[in-house]
Amino acid sequence: AMVFRVLYGATYLRNEYSEKALDLLSQTTYTDGIAAGVPAGTVVSHKYGDAVAPSAQLHDCGIVYYPSHPYILCVMTSGKDFSSLQGVIQSISKAVYAEADKSFKR
């Protein structure tokens, strides 16, 4: 989460390089985690990771560009299968977006 905060605030890299990094991270092809829990067309700059030993693990962390109120969301999961872990991340992402919608509705 701290890496995304630093990139968003351009406090480590110059602004142009922070923007370039976030743009590249928004092109991540994995869309079954955080991105699946937000409306289509919502930009998400994120990084995911997975592992299989000793148990299945799936993590997704990034910035969701909610209109005028972007937020950082990181979800780390562990369990028996990736399908259920993806579902957990999607549910959390959807719930957080809905809460942002209630708080910041345009």
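Under 28 Å from the Cα of residue 102, which lysines turn up, not counting those fewer than eight places away in the same chain?
Output for residue 102: 47, 94.
Can you tell me the orientation of helix 15-25 relative to the chain, as the angle in degrees between its alpha-carbon axis and the longest Cα principal axis, to the nearest 10?
Helix 15-25 sits at roughly 30 degrees to that axis.
Determine the calculated [θ] at 222 nm for the chain from helices alone, applying -39500 (n - 2.57) to every DSSP H run no shorter than 4 residues and normalising by the residue count; nearest 500 deg cm²/dmol.
Working: 3 runs with 42 residues, N = 106.
When only DSSP H runs of four or more count, the value is -13000 deg cm²/dmol.
Treating only the Cβ atoms of Lys and Arg (+1) and Asp and Glu (-1) as charged, compute the dipole magnitude of the chain about its Cα centre; round to the nearest 20 debye.
On the way: 9 positive and 9 negative charges, 55 e Å.
Approximately 260 debye in magnitude.
What label, among (i) 24, 22, 14; (ii) 32, 14, 11; (iii) 24, 18, 11, belongs to semi-axes √(5λ) of the Cα gyration tensor in Å computed from the structure on display?
(iii)
In nanometres, what is the gap between the two model label sites at residue 27 and residue 57, each 7 Å from Cα along Cα-to-Cβ?
Those two pseudo-labels are separated by 2.9 nm.
When the accessible area of segment 1-83 is computed with all protein chains present and a 1.4 Å probe, what percentage of it is carbon and sulfur?
Percent of accessible area from carbon and sulfur atoms in segment 1-83: 58.
Under 15 Å from the Cβ of residue 45, count the other residues' Cβ atoms, weight Lys and Arg +1, Asp and Glu -1, and hand me the total. Spell out each step's value before the answer.
Numbers: positive: 5, 20, 47; negative: 19, 23, 60.
Counting the neighbours of residue 45, the net charge comes to 0.
The values are calculated or read from the model by the stated rules, or taken from the named source; none is laboratory data. Note that the coordinates shown come from a computational prediction; the quantities given were computed from them, not determined experimentally. For neighbour counting, all protein chains shown are included, and Cβ atoms are generated from backbone atoms with ideal geometry for every residue, glycine included. Note: accessible area is taken over every heavy atom of the protein model, side chains too, but ligands, DNA and RNA are not part of it. Shrake-Rupley method; radii C 1.70, N 1.55, O 1.52, S 1.80 Å.
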